[in-house]
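The structure appears below as structure tokens.
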Amino acid sequence: MGGFIFRHLVAPLRRPASLSLAALVLGFAGCRAAERAPVASAAPGTRIVDDAGDTVRVARPAHRIASLIPATTELLFDLGAGASVIGRTTWCDYPAAALKVPSLGDGINPSLEAIVANRPDLVLLYNSAQNGEVAIRLRALGIPALRLATDRLSDVPRLARLLGSLTGHVASADSLAAAYTRDVAAATVTPGPHRPSVFLLVWDQPPTTVGRGSYLTELIERAGGRNLFDDIAASSGTVSTEAVAARDPDVILALSDAPPRFVGRPEWQSVRAARERRIILISGSEFNRPTPRAADAIRRLTAQLSAVAPTAAAGAR
């Protein structure tokens, strides 16, 4: 969902419910395609280039949208276009009104039949290679399908303006984009002399973390911390407990609302932060994907870092 719900898989992972939030983070951003091209401003009736580099004709303002990306579903509701959303993914859980929209599945390599049966005039797909064939087949049926990247905090205002143009909510989109940019800047803290190093564990078997290609790294940095594995270029990657121990993080950040079981395992006793229980548990869909709620996510993470590692960021700009 980033933000990473399916991490490079063509079918959803099956896992215990206690790991559902980690699963959410191992989704859309984790199966990122090649570096995206900018999405052009899209007045209805024009041809636009989506993030996969495909040229798509949008014939009219969209009124029946199958939004198969949690981030775009949230944006459409924020823009006032929620009534136009006629299909969503299983992971589209915010706002609450989105849960009333019929689910069309997981959102990666979705069912063409399920989409078409809902008669959409616009389909929004995550920019993943797994979604390429569905996009082609939808367009062959005369249904505009856009593959969009929702991997970075900067994608929020960019896509807000695109969706505002596609749905006739231009003024709302401009207002949202401006407010978002202002709020994120206000929430971003000035780092102190020591930026606490944060090991973000999104999966424990094998240990999986995020790299600098993830918006979660951006959240950590804006909260005054430093991603322990910011030298990983991709959005996610597997690491060893030995590598974590060698880098000796100040804090372990686990995307969970339940006490982590991994810290009691023998192999984790070599990690000082695990032994000393310097662990932040944080949950909420604002950490699962880039969202207009990013400023709140930054503030929550800042408060947690300050409590566990008092040398965290000194204060808000």
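The values are calculated or read from the model by the stated rules, or taken from the named source; none is laboratory data. For clarity, every value in this text was computed on a predicted model and none was experimentally measured. Positions of Cβ are generated from backbone atoms using ideal geometry, with glycine treated the same way; all protein chains shown enter the neighbour counts.
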Any hit, the range 77-86, residues being over 28 Å from residue 179 (Cα atoms), touching a strand residue (DSSP E or B) at 6+ places or on another chain (Cβ under 6 Å), at pLDDT 95 or above and not in a loop (DSSP other than H, G, I, E, B): no
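So is residue 25 modelled with pLDDT under 55 and surrounded by 24 or more Cβ atoms within 10 Å (Cβ to Cβ) or not?
It is true that residue 25 is modelled with pLDDT under 55 and surrounded by 24 or more Cβ atoms within 10 Å (Cβ to Cβ).
Output the residues belonging to the range 247-267 that are closer than 26 Å to residue 213 by Cα and either buried (at least 21 other Cβ atoms within 10 Å of the Cβ) or not charged (D, E, K, R) (or both).
The answer is 249, 250, 251, 252, 253, 254, 255, 256, 260, 262.
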Residue list for the range 87-102, restricted to those being touching a Phe, Trp or Tyr at 6+ places or on another chain (Cβ under 9 Å) and outside any loop (DSSP other than H, G, I, E, B): 97, 98
Residue 253 vs. criteria assigned to a strand (DSSP E or B) and out of contact with any Phe, Trp or Tyr (no Cβ under 9 Å at 6 or more places or on another chain): no
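Residues checked against (1) surrounded by 24 or more Cβ atoms within 10 Å (Cβ to Cβ); (2) more than 26 Å from residue 288 (Cβ to Cβ); (3) not assigned by TED's automatic domain parsing to the domain that holds residue 168:
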| position | (1), (2), (3) |
| --- | --- |
| 55 | no, yes, no |
| 61 | no, yes, no |
| 70 | yes, no, no |
| 80 | no, no, no |
| 90 | no, no, no |
| 100 | no, no, no |
| 113 | no, yes, no |
Every pair of residues 6+ apart whose Cβ atoms lie under 6 Å, when the first sits in the range 218-238 and is part of a strand (DSSP E or B) while the second is among the basic types (Lys, Arg): 226/195
Filter result for the condition that a residue is touching a Pro at 6+ places or on another chain (Cβ under 6 Å) and farther than 25 Å from residue 152 by Cβ, over 243, 273, 254, 258: 273
Residue match in the range 142-152 (condition: within 19 Å of residue 291 (Cα to Cα), assigned to a helix (DSSP H, G or I), among the aliphatic types (A, V, I, L, M) and within 16 Å of the chain's Cα centre (by Cα)): no
Which numbered condition residue 244 fails, given (1) hydrophobic (A, V, I, L, M, F, W, C); (2) assigned to a helix (DSSP H, G or I); (3) closer than 30 Å to residue 92 by Cβ: (3)
Residues being exposed (fewer than 14 other Cβ atoms within 10 Å of the Cβ), over 20 Å from residue 63 (Cβ atoms) and of a type outside the set (A, V, I, L, M) - total across the range 115-147: 1
